[in-house]
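Enquirer: Here it is: the structure, laid out below.
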Amino acid sequence: MVYGPASIVCALLTLCLIPPATLGGVVAIAFIYGFFSGVMIALPIVCLVRLTPDKTKIGTRLGMGIGLASLGMLVGRPGAGAVLGSDPDNLRWTDTWIHGGCAMLA
């Protein structure tokens, strides 16, 4: 109930990082993003513990859940790097923010 809206807010805030040109804009977005990303970091662990009927299996479920989540990190970082590009004079930051926001929405 909380995870879905927090994920949408984080994705929209990631897309909002495209236009700010001032430090104050970036700090304001980072502050709000930090508040909502806490839900995305803490809630999956709580859900896995709550859904485990046999409490001796909590470690196994947490390891499997975090292992599956790590696959997204394994694919996402190099994908964002490919979108950004390797030419230091022509880095595509706008495309990278769009990639991150759309990946969070998916």
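Enquirer: Looking at this structure, is Gly67 part of a helix (DSSP H, G or I) and under 27 Å from Leu15 (Cβ atoms)?
Expert: No; evaluated as a whole, the condition is false for this residue.
Enquirer: Which pairs turn up if I take residues in the stretch 36-50 that are assigned to a helix (DSSP H, G or I) and at pLDDT below 90 and look for partners that are polar (S, T, N, Q) and open to solvent by less than 50 Å² (accessible area, probe 1.4 Å) with beta carbon separation below 9 Å, at least 6 apart in sequence or on another chain?
Expert: Filtered contacts from the stretch 36-50: Val39/Ser7; Met40/Ser7.
Enquirer: Okay, moving on. Filtering the stretch 70-106 down to residues that are of a type outside the set (Ser, Thr, Tyr), modelled with pLDDT of 85 or more and outside any helix (DSSP H, G or I), which residue is nearest to Pro5 (Cα to Cα)?
Expert: Arg92
Enquirer: Condition first: among the hydrophobic types (A, V, I, L, M, F, W, C) and either at positive phi or exposed (fewer than 12 other Cβ atoms within 10 Å of the Cβ) (or both). Can you find one or more residues in the stretch 57-67 that meet it?
Expert: Checked the stretch 57-67: no residue is among the hydrophobic types (A, V, I, L, M, F, W, C) and either at positive phi or exposed (fewer than 12 other Cβ atoms within 10 Å of the Cβ) (or both).
Enquirer: Of everything in the stretch 53-63 that's touching a helix residue (DSSP H, G or I) at 6+ places or on another chain (Cβ under 9 Å) and not β-branched (Val, Ile, Thr), which residue is farthest from Leu43 (Cα to Cα)?
Expert: Lys55
Enquirer: Under 7 Å by Cβ, and 6 or more places apart or on different chains, what pairs join a residue from the stretch 87-102 that is touching a residue at least 24 places away in the same chain (Cβ under 8 Å) with one that is outside any helix (DSSP H, G or I) and crowded, with 16+ Cβ neighbours inside 10 Å?
Expert: Trp97/Leu17
The values are calculated or read from the model by the stated rules, or taken from the named source; none is laboratory data. Being a predicted model, the structure only gives us computed values, none of them experimental. Cβ coordinates were reconstructed from backbone atoms using ideal geometry, including for glycine residues, and neighbour counts include every protein chain displayed. Surface accessibility is based on the protein's heavy atoms, side chains included, excluding ligands, DNA and RNA. Shrake-Rupley method; radii C 1.70, N 1.55, O 1.52, S 1.80 Å.
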